[in-house]
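To start, the structure itself, in structure tokens.
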Amino acid sequence: MSYRLPGVVQPTDRPGPPPGPAFSLGSLWYDEAVRGVAIQILVLLGVFATVAWMIANVVANFAILDKTFGFEFLWLPANYDINQTLIEYTNRDTHLRAAAVGLINTGLVAFLGIIVATVLGFLVGIFRLSENWLVSRLAYCYVEFTRNTPVLLLILLWHGIFINTLPHPRQAMTIGGATFLTNRGFYVPKPVFESGFEWVTLALAAAIVGAILVHRHVRRVREATGRQLPGGWISAALIVGLPGLTYAAVGASLSFDVPELQGFNFEGGLYLTPELVALTWALAFYTSGFIAENVRAGILAVDKGQIEASQALGLPRRRVLRLVILPQSLRVIVPPLTSQYLDLTKNSSLAIAIGYVDLVGTLGGITLNQTGREIECMMLVMLVYLAISLGISMFMNWYNRRVRLVER
Amino acid sequence: MRILSRALSGGLAAAVGLAMAVSMASAGTLDDVRQRGHLICGINTGLVGFAAPDDKGVWKGFDVDVCRAVAAAVFGDANKLRYKNLTGKTRFTALRSAEIDMLSRNTTWTFSRDVDLQLTFVGINYYDGQGFMAPKKLGVKSAGELAGASVCIQTGTTTELNLADFFRANNMKYEPVPIETNAEARTNYLAGRCDVYTTDRSGLAATRAATDNPDDHVVLPEIISKEPLGPLVRHGDDQWADIVRWSLNAMIAAEEMGVTSKNVKEMASKENKNKEVNRLLGVEELQGRERLGLSKDWAVNIIAQVGNYGEVFEKHLGKKTPIGLDRGLNAQWTDGGLIYAPPFR
């Protein structure tokens, strides 16, 4: 591909090679192919130079500060305590283990947040389309409020509400004398599994397998004859009944560790810190507004004719939603839902604002500060977040492929 | 392709060379400060008495005055100064990356900070120790009764580590509640998120003074650690470290020798009986002063514009302030305290 500017003498009428001066280095610029390659090389050079400059800058500054690059510090004792540890941890353990505790705390808040946000988001999204004026307006206000307030403020707001409005442990609010709400967090009875309970677990697993088989059978019958068997009821009876009966048969194999006030705080039971509750709730609250809009968009994307057709076939409203609308809207909902999950996970790093000790609080916070290894710690923290995000992405892409509309 | 790769490696080498040249440019902190026209000093994000803004938004306090003393020594003007407010967590990174010229922020001198973080502590301007503060109505009389308590701490501090040591040594359980700044810690403590707040006792006194009703809170008698607080600079520039060190020493020596902001001008204009006063105030030559790049009246500027150690203490922390701290360990050595400046000779 080449073209020539008007006004340049075009030696088409003369045979033979063009005269010398017509070819110069400058004329290469007007050759589109050459220009394209040249620009690409320049851009690439720019990128490489920038990266190289950044690395060289770090290396040079490390040399000036007489610092070394390395991860040996991860094996030194951490010397600090963490208030929420899902794995065994004392201040004698290593920085690496403290980082693991933080990572698990990040995972916990992200996992809980995603579940709550999804449930809330789907509910609000469906309410938003309700024909009931009040319900749809309320859902609208909810969406606009949650979406349009900064998530950091929401986290601080909910944490502030929890620690300022709930009572001191000595005047704790209680639900049935077993669950206590205080400004130090929520204390709920902890189930204690005793011998014999493994049979109940086994029965539950068997019931779930049974329910799946029932579901398949119901579908086969429906596809073959058009008859709808009451599969849902049978599955529910199985899942509740089988473990229930087993539990009764083996005798009391489950007890509850009820929290009790001892000295300053409650002892025993399951303890949820106000930071965990506030952070989970604030993240879910914020993200659910976005998810609600995704759900609404997904539902509205289903062709009206589809709904009318299914109604004409006499399907009840709930089944129209479950069998016709949701499967078709999921393919629209899932891709943006993935970004919401990623956002929620990354936003959880704001935990530091209220003192929830997550990965940023341990490895990127206290460890960084006590050891002075800024670059190493931040690199590790970023890599871990990248890994978590890619993991969520992979799972959601797999799920998206499953719900994608199969086109004929 | 060969041309491409050659061009790439050439560019890389050039970039590396450039980066080296850029980072080598900063050598002398004093020259940088002079060229910039002001000192950049790292201070607390807000701790009454040590570093807090007054009603006009001007930062005032015991730590702030160390910054002002250095500015007075370097520029002859204590106000040629910019502050950078730093949390316990961000302070060392800021100092080491040369974002600030010096740090004066209730920082404890420890072995690891000095050696491993490569910081130079130039002296001690406050001898402190870690304590606990609790609401009076909690009825706690001593730190030994704190088993099971929730404790608010400022993260990124030595207090965090002392606390872990203290509870481990006494075999008590506790819940640490890590908080980023003193203001947030106070909010959480007052809301009852934690039973007790722990930090340096001077910080506790300042925090207590800033509550609506200070009498509702008690500082427990135990001191669980040594916290020598002082200003610091980064390793590698001894001239700059000396300037900060001797600015602090000038304030301390001035108090010992009875030089105050009131009488300093008069004493500097005549021959004094005490030869050390003469050397401090530039009446007689102080050998080596030029090496620090300071003017003859550097100490006069400090004392006239900022005050001597005792004046600064009384102004920000002393009995007439809401914080009301005793001199205690921070009295001059001649009064039975630990405050002691090496001789100006």
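The values are calculated or read from the model by the stated rules, or taken from the named source; none is laboratory data. The shown structure was predicted, so the numbers you read here are calculated from the model rather than taken from an experiment. Don't worry about glycine lacking a Cβ; one is built from the backbone with ideal geometry, like all the others, and counts go over all protein chains shown.
See the values below:
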| quantity | calculated |
| --- | --- |
| Residue that is surrounded by fewer than 18 Cβ atoms within 10 Å (Cβ to Cβ) and away from every other protein chain (no Cβ under 14 Å), where the choices are A:Phe122, A:Phe145 | A:Phe145 |
| Test: B:Asp114 is more than 14 Å from chain A (Cβ to nearest Cβ) and among the charged types (D, E, K, R) | no |
| B:Leu30 being within 14 Å of chain A (Cβ to nearest Cβ), in a helix (DSSP H, G or I) and either modelled with pLDDT of 95 or more or more than 24 Å from B:Glu311 (Cβ to Cβ) (or both) | no |
| Selection status of B:Lys56, modelled with pLDDT under 95, surrounded by fewer than 18 Cβ atoms within 10 Å (Cβ to Cβ) and of a type in the set (Lys, Arg) | yes |
| Qualifying positions in the stretch A:128-147 - of a type outside the set (D, E, K, R) and touching a residue at least 60 places away in the same chain (Cβ under 8 Å) | A:Leu129, A:Ala139, A:Tyr142, A:Val143, A:Phe145, A:Thr146 |
| Members of the stretch A:158-189 found to be farther than 19 Å from A:Gly263 by Cβ, within 13 Å of chain B (Cβ to nearest Cβ) and among the small types (Gly, Ala, Ser), listed by number | A:Gly160 |
| Strands (runs of 3 or more DSSP E) within the stretch B:151-266 that include 3 or more residues within 14 Å of chain A (Cβ to nearest Cβ) | B:175-179, B:196-200, B:232-234 |
| Identity of the residue in the stretch A:163-192, part of a helix (DSSP H, G or I) and in contact with a Leu (Cβ under 9 Å, 6 or more places away or on another chain), that ends up surrounded by the most Cβ atoms within 10 Å (Cβ to Cβ) | A:Pro169 |
| Every pair of residues 6+ apart whose Cβ atoms lie under 8 Å, when the first sits in the stretch B:234-261 and is closer than 22 Å to A:Lys67 by Cβ and in the same structural domain as B:Gly288 (by TED's automatic domain parsing) while the second is surrounded by 24 or more Cβ atoms within 10 Å (Cβ to Cβ) and among the charged types (D, E, K, R) | B:Trp240/B:Asp101 |
| Residue in the stretch A:65-76 that is among the aliphatic types (A, V, I, L, M), on the phi < 0 side of the Ramachandran plot and outside any helix (DSSP H, G or I) present | yes |
| Test result for B:Arg6, at pLDDT 90 or above and surrounded by fewer than 18 Cβ atoms within 10 Å (Cβ to Cβ) | no |
| The stretch A:343-359 - residue that is crowded, with 24+ Cβ neighbours inside 10 Å and in a helix (DSSP H, G or I) and, of those, farthest from the other protein chains (Cβ to nearest Cβ) | A:Leu344 |
